Amino acid sequence: MPPMPQLNDFYTEGFGWICRHCERQFEREHTADESEAEYKDPEPANRPLAKWTDKTRRFLTCPRCGITEAAELS
């Protein structure tokens, strides 16, 4: 298996590509909600996963913010 490329806008932990920009926003929102967590049921943490723009897997796009980056794996 070829090594994973290093990207500016996305990273992977082995289960999908995560948008760095939306992840920062997600973390800020999640941290702000932690103080209220003891008063309500915790919600599942859904990270902002990117999608491949086509079947050739050359470009990743974040469905949340729309940022796109070339990520050729071949």
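Here the Karplus relation 6.51 cos²θ - 1.76 cosθ + 1.60, evaluated at θ = phi - 60°, turns the backbone of the stretch 21-30 into coupling constants of 5, 6, 4, 4, 5, 4, 5, 4, 5, 5 Hz, with x for every Gly and Pro.
Within the set of other residues whose C-beta is less than 12 Å from the C-beta of Gly66, count the net charge using Lys and Arg as +1 and Asp and Glu as -1.
Numbers: positive: Lys51, Arg64; negative: Asp9, Glu69.
Overall, the nearby charge balance is 0.
Extending 7 Å from the Cα toward the beta-carbon at both Thr12 and Thr68 defines two label points whose distance is 2.0 nm.
Spacing of the modelled spin labels on Lys51 and His21, each 7 Å from Cα toward Cβ, amounts to 1.7 nm. Remark on Arg58: its backbone amide H falls under 5 Å from those of Thr53, a criterion applied only to residues 5 or more positions apart or on other chains, H modelled at 1.01 Å from N.
Cut-off is 10 Å between beta-carbons; in what order do Glu69, Glu29 appear when sorted fewest neighbours first? Can you show the working numbers first?
Values: Glu69 18, Glu29 9.
Starting with the residue having the fewest Cβ neighbours, the order is Glu29, Glu69.
We did not get these values from a lab; they are worked out from the coordinates using the rules stated. No experiment lies behind these values; they were computed from the predicted model shown. Note that we place each Cβ from the backbone using ideal geometry, even for glycine, and neighbour counts take in every protein chain shown.
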